[in-house]
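Let me begin by presenting the structure, written as structure tokens, before commenting on it.
Please treat every number below as a calculation from the coordinates, not as lab data. All of these numbers come straight from a predicted model, not from anything done at the bench. We place every Cβ from the backbone using ideal geometry, glycine too, and count neighbours over all the protein chains shown.
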Number of protein chains: 2
Amino acid sequence: MTLEIWFEFASTYSYLTVSRAEPLLRRKNIDFQWKPFLLGPIFRDRGMATSPFVLDPIRGAYMWRDMERRSKRYGLPFAKPSIFPMNGLKAARVMTAALTEPWCGAFARAVFTAQFARGEDISSDDVLWTAIEDCGADPALWLARAREDDIKTDLRARTEQAQNHGIFGAPSFRVGTELFWGDDRLEDAMDWVER
Amino acid sequence: MTLEIWFEFASTYSYLTVSRAEPLLRRKNIDFQWKPFLLGPIFRDRGMATSPFVLDPIRGAYMWRDMERRSKRYGLPFAKPSIFPMNGLKAARVMTAALTEPWCGAFARAVFTAQFARGEDISSDDVLWTAIEDCGADPALWLARAREDDIKTDLRARTEQAQNHGIFGAPSFRVGTELFWGDDRLEDAMDWVER
């Protein structure tokens, strides 16, 4: 069975998952698929104009502290960016365009690291350009590809699919029809594949 | 350093923590304190009339499935009770009265098991009676003690303390001034003690 990794580029806990998942999954020979989607439309449909961590400052403050501790636990650099949530639309479109490319996981990690280790604005073409370049791919080509209509439609459809699957936050994992929510459930999802 | 276990008798994830914490903490020689409190007043202060799992059916449905899986992982019996959330006030008062008794952990586990393994209503004196009796203590004495004013005041004060500590859900763990939220952070809290 395939483990689907549903993630949103603006999501803090997605940073942890995207950064640590690939070696864990490969070590266990678990087949996986990246599923970039947008949380914004899902939050809006649920009556929230932005991230629940912004709407609820108490949970927000807790989340930032938890992120510091969890990043440390996983050996990942972390610094709270000055913008939150960032606009992850363009990054998600590039990822959507590149899903069948062998470097797409590295691209996702590069974008998350720019955001949560260096505080760079991932809605900027420059930041995405560097991330694509660091993967050895052609930034001009992929940024142009990301602007094409079929890619926009693809991402929109995947976001609707997320909603139909009952996904309400990121990261989420799907194994068959089984849904897991949160970076701290990655191991549960992996165990589910291996049952 | 002491690890404080802040829990609410009506909380699903508190069942997992209360059921599994004591042997883990004893094995590591970690000093701990039970901190029963009430989530109701905290939720109300945060604009929620009841549990967020009731207010948000999508997250509620996810939580019940997650509880089934997590209980299984920990080898704990679990059946979704017909009432949720139950009224844990009386149980929290008995626990408050019995905090210095050696059987108070066993009492908490007995109440949670009655609720989440057998679906019994923990607001009923009968259920609490049996839980106290099973601990080898005198039910009539402790149920009477739980109704005394100093116990009511104690529990109210501990709930206010929880709020002052920034606690917004249960279970939560405190180590020094460090706050951890959720059964899935028990191991992080234990590691924090041992740093």
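Annotations for the structure displayed:
- Breaking point among (1) without any contact (Cβ under 8 Å) to a residue 24 or more places away in the chain; (2) outside any loop (DSSP other than H, G, I, E, B); (3) over 30 Å from A:ASP191 (Cβ atoms), for B:VAL94: (1)
- Taking residues in region A:173-194 that are surrounded by 19 or more Cβ atoms within 10 Å (Cβ to Cβ), and partners anywhere that are polar (S, T, N, Q), the pairs with Cβ atoms closer than 7 Å and at least 6 places apart or on different chains are A:LEU179/A:SER172; A:PHE180/A:SER172; A:TRP181/A:SER172; A:ASP183/A:THR17; A:LEU186/A:THR17.
- A:ALA79 under 27 Å from A:SER124 (Cα atoms), in contact with a Lys or Arg (Cβ under 8 Å, 6 or more places away or on another chain) and not in a helix (DSSP H, G or I): yes
- Given (1) buried (at least 20 other Cβ atoms within 10 Å of the Cβ); (2) more than 11 Å from chain A (Cβ to nearest Cβ); (3) among the hydroxyl-bearing types (Ser, Thr, Tyr), index of the condition B:TYR62 fails: (2)
- Considering region B:1-73, the qualifying helices (runs of 4 or more DSSP H), each wholly inside and each with 1 or more residues that are small (Gly, Ala, Ser), run over B:12-27, B:39-45, B:57-73.
- Odd one out for B:ARG73 among (1) under 26 Å from A:ASP183 (Cα atoms); (2) surrounded by 15 or more Cβ atoms within 10 Å (Cβ to Cβ); (3) of a type outside the set (S, T, N, Q); (4) within 14 Å of another protein chain (Cβ to nearest Cβ): (2)
- Residues of region B:39-74 that turn out to be touching a Lys or Arg at 6+ places or on another chain (Cβ under 8 Å) and aliphatic (A, V, I, L, M), as a count: 2
- So B:PHE32, is it within 12 Å of the chain's Cα centre (by Cα) and within 28 Å of B:ASP191 (Cβ to Cβ): no
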